[in-house]
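Written out below as structure tokens is the structure these notes cover.
The values are calculated or read from the model by the stated rules, or taken from the named source; none is laboratory data. These numbers come from a predicted model, not from an experiment. Quick reminder, even Gly has a Cβ in these numbers, built from the backbone with ideal geometry, and neighbours come from all protein chains shown. When the accessible area is computed, the model is the full protein with side chains, heavy atoms only, and any ligands, DNA or RNA have been set aside. Shrake-Rupley method; radii C 1.70, N 1.55, O 1.52, S 1.80 Å.
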Amino acid sequence: MACAGCVKQITPIGPGRLVVNSSPSDTIVQNESGAVTRDTSLGFQLNALAPVQTDGFFLPLASSDGMRLAWQQESNFNWPLLLALPGASLSPRGVVAVRAIDELQPTRLWNGAFMLGRCCNSDGALVESPQADGTRWIGVLPWAGGDARWLIQDARVNAFACFGPRGELAWSHRDIGQREFCLSVERPEGKLEWPRKDNESWLLPIVTNNGIYAAHLQDGVLDLTYLPLRAGQNMSSLESRSAILRKCISIRGSEKMAYQCMGSLPPDRAVLADGSLLFFHPDLARMAIWQPLTDTLTPLPLGTLSASATGPKQLLISFKDRVATLSLPVDPVRGPVTLLEDAWIARAPAGEGSSAGRIILLLPTAQQCKIAELKLN
């Protein structure tokens, strides 16, 4: 496997970049003995952008169009606070910053009890704000600056919020003193409440055009769940209970494991063009794809830590020491092709036609995160 082409070197003005030009090709030959040889060439351009100072705990969020960036610049957060568990610190401190992706410095800082959320939209970045009385609010920090706009501000613990493609808002919530979460989704058709039985918890929702994903935890069993619910369709809480599709992924589950599974990608990057879900499988120790309508589970190569679709037929996958491309559908012969060394994490623009958009690469360290833009030809 090779990345073929010529390298142009110039005297840089500003951040340096590497340009590799090549006509993409992919040739697989199988000889009479059954041995397979694959020759691959491709072209890409890598532009280094200004790094950001982080708390070493959260990854930055890139907007779906790849034009803006939000990150947790400082915090004293830990896992109990991130997971909104009882007994979490009541004295949180967090600073969130935003900027246009091409700028050098943050254009706005929010200092207080601000915890970076799971996604962002054209208005701004989602945040959570743990309060001194144990409650937690959910809001948006506008890209243009100004005060936070609070979406959920009540006497409950609200967490794990995400936006949907039609402006839906989904989040988990619990009463103070409880551990298990209920789940609510505000839709144009009305509010949907997911029913909760004793000792079960609904976490980390993801809203798509054709349904709703969530993690389900009960008595240590961790399931992925999917409710088929198209735009314009209504369903009562009782009806939704029998319609939910499930996939068990661990019998040693916990809230932390659920977050690591579903939190490996922002919600708007986690769903592929066919509606299947990208997630980290804890028992298989790799990324995987779950298609709930056929109950098909497709493991990605061993050791993959993250994945992001650059189009309907290609993923960018991250290992602990490299980032590579992977063709879809997954084929053992047509395995991953390494693009870059180091554990870059790709954030490809969400939605169809994303191969023409900006692909943002993140390389986190203890105190900062390197940022780069990747363009594939």
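Scanning the range 306-318 for residues that are open to solvent by 10 Å² or more (accessible area, probe 1.4 Å) and either at pLDDT 95 or above or within 22 Å of Ile212 (Cα to Cα) (or both) yields Ala309, Gly311, Pro312.
Of the candidates Leu203, Leu227, Leu217, Leu222, the single residue that is within 24 Å of Ala125 (Cα to Cα) and outside any loop (DSSP other than H, G, I, E, B) is Leu203.
Taking the criterion of being open to solvent by 20 Å² or more (accessible area, probe 1.4 Å), outside any loop (DSSP other than H, G, I, E, B) and out of contact with any Leu (no Cβ under 6 Å at 6 or more places or on another chain), would at least one residue in the range 328-335 satisfy it?
The first filter runs over the range 328-335 and keeps only residues open to solvent by 20 Å² or more (accessible area, probe 1.4 Å), leaving 328-334.
With outside any loop (DSSP other than H, G, I, E, B) added as a condition, the list becomes none.
The answer is no, given that none of the residues of the range 328-335 is open to solvent by 20 Å² or more (accessible area, probe 1.4 Å), outside any loop (DSSP other than H, G, I, E, B) and out of contact with any Leu (no Cβ under 6 Å at 6 or more places or on another chain).
Under the condition of being open to solvent by 10 Å² or more (accessible area, probe 1.4 Å), in contact with a strand residue (DSSP E or B) (Cβ under 7 Å, 6 or more places away or on another chain) and aliphatic (A, V, I, L, M), the residues counted in the range 63-87 number 1. Counting only residues that are buried (at least 18 other Cβ atoms within 10 Å of the Cβ) and in a loop (DSSP other than H, G, I, E, B), the range 249-271 holds 6 of them.
Restricting attention to the range 127-147, the residues that are hydrophobic (A, V, I, L, M, F, W, C) and either at positive phi or modelled with pLDDT under 95 (or both) add up to 3.
Mind listing just one residue for me: the one in the range 121-151 that is in a strand (DSSP E or B) and touching a residue at least 60 places away in the same chain (Cβ under 8 Å) and, of those, nearest to the chain's Cα centre (by Cα)? Break it down into steps so the answer makes sense when it comes.
Of the range 121-151, the ones in a strand (DSSP E or B) are 124-130, 136-142, 149-151.
Cutting the leftovers down to touching a residue at least 60 places away in the same chain (Cβ under 8 Å) gives us 125, 141.
Details: Ala125: 14, Leu141: 19 Å.
The extreme case among them is Ala125.
Pairs linking a residue in the range 219-246 that is more than 16 Å from Leu293 (Cβ to Cβ) and touching a residue at least 24 places away in the same chain (Cβ under 8 Å) to a residue that is in a strand (DSSP E or B) and acidic (Asp, Glu), with Cβ atoms under 8 Å and 6 or more positions apart or on different chains, are Ser237/Glu193. Condition test on Arg322, is it at pLDDT below 90 and more than 20 Å from Asp65 (Cα to Cα)? No: the conditions fail for Arg322.
Residue pairs whose Cβ atoms lie under 9 Å apart, sitting 6 or more positions apart in sequence or on different chains, and linking a residue in the range 61-75 that is free of Cβ contacts under 8 Å to residues at least 40 places away in the same chain to a partner that is outside any strand (DSSP E or B), are Gln73/Thr54; Gln73/Asp55; Gln73/Pro106; Glu74/Thr54; Glu74/Asp55; Glu74/Arg93.
Kindly provide the set of residues from the range 341-363 that are surrounded by 20 or more Cβ atoms within 10 Å (Cβ to Cβ), at pLDDT 90 or above and not in a loop (DSSP other than H, G, I, E, B), ordered by number.
Ile345, Ala346, Arg347, Ile359, Ile360, Leu361, Leu362
Restricting attention to the range 220-241, the residues that are charged (D, E, K, R) and either buried (at least 19 other Cβ atoms within 10 Å of the Cβ) or at pLDDT 95 or above (or both) total 1. Pairs meeting the criteria (first residue in the range 155-169 and more than 11 Å from Ala84 (Cα to Cα) and open to solvent by 10 Å² or more (accessible area, probe 1.4 Å), second residue part of a strand (DSSP E or B) and aliphatic (A, V, I, L, M), beta carbons under 6 Å, at least 6 apart or on different chains) are Gly164/Val207.
Of all residues in the range 44-60, none are open to solvent by 20 Å² or more (accessible area, probe 1.4 Å), more than 18 Å from Leu363 (Cα to Cα), outside any strand (DSSP E or B) and charged (D, E, K, R).
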